[in-house]
Amino acid sequence: MIGGLIVILMCQLAGEAVARGLGVPIPGPVIGMALLFALLLLRDRIASRLPTAMSGDTLEKTGQGLLSHLSLLFIPAGVGVVQNLGVFAEYGVALGAAIVISTILALLTTAWVFLPVARLTAHDERSGS
């Protein structure tokens, strides 16, 4: 489990280094997650050259362990919200509107993409492809 955690944290560190080093407007953890995803895709092809933390189900067990305690990871975010209550008091209406509008736009976009894909999928199933 320690090896899997090291792999996850090293991917996050590499993502932070790329984000800060190149000045990319993407958060380091997102880049690290993409890097971890790429490593997982390549894992079976290069399994003989990987450390034991990447082979087998070690990384999966580590991820499941982290996910089972995910609620603990929200405590720092909650503390950040409490520390910035003045910002929420000042911009609360704008933040609320932004959250509601972005949620509606995300749902509409999802439906807009889903409908053509569903039609294509249904057409493929009827034609036997």
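The values are calculated or read from the model by the stated rules, or taken from the named source; none is laboratory data. The shown structure was predicted, so the numbers you read here are calculated from the model rather than taken from an experiment. All Cβ positions, glycine included, derive from the backbone under ideal geometry; neighbour counts span all protein chains shown.
Below are the figures for this structure:
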| read-out | value |
| --- | --- |
| Pairs, first closer than 15 Å to Val81 by Cβ in region 91-103, second in a helix (DSSP H, G or I), C-beta under 7 Å, six or more apart | Leu95/Phe88 |
| Residue within region 96-108 that is loosely packed, with under 10 Cβ neighbours inside 10 Å and either within 22 Å of Ala14 (Cα to Cα) or at pLDDT 80 or above (or both) present | no |
| Subset tally (residues that are touching a helix residue (DSSP H, G or I) at 6+ places or on another chain (Cβ under 8 Å), modelled with pLDDT of 85 or more and not in a helix (DSSP H, G or I)) for region 27-83 | 1 |
| Conditions (1) touching a helix residue (DSSP H, G or I) at 6+ places or on another chain (Cβ under 9 Å); (2) modelled with pLDDT under 85; (3) not assigned by TED's automatic domain parsing to the domain that holds Leu13; number of the one not met by Asp124 | (1) |
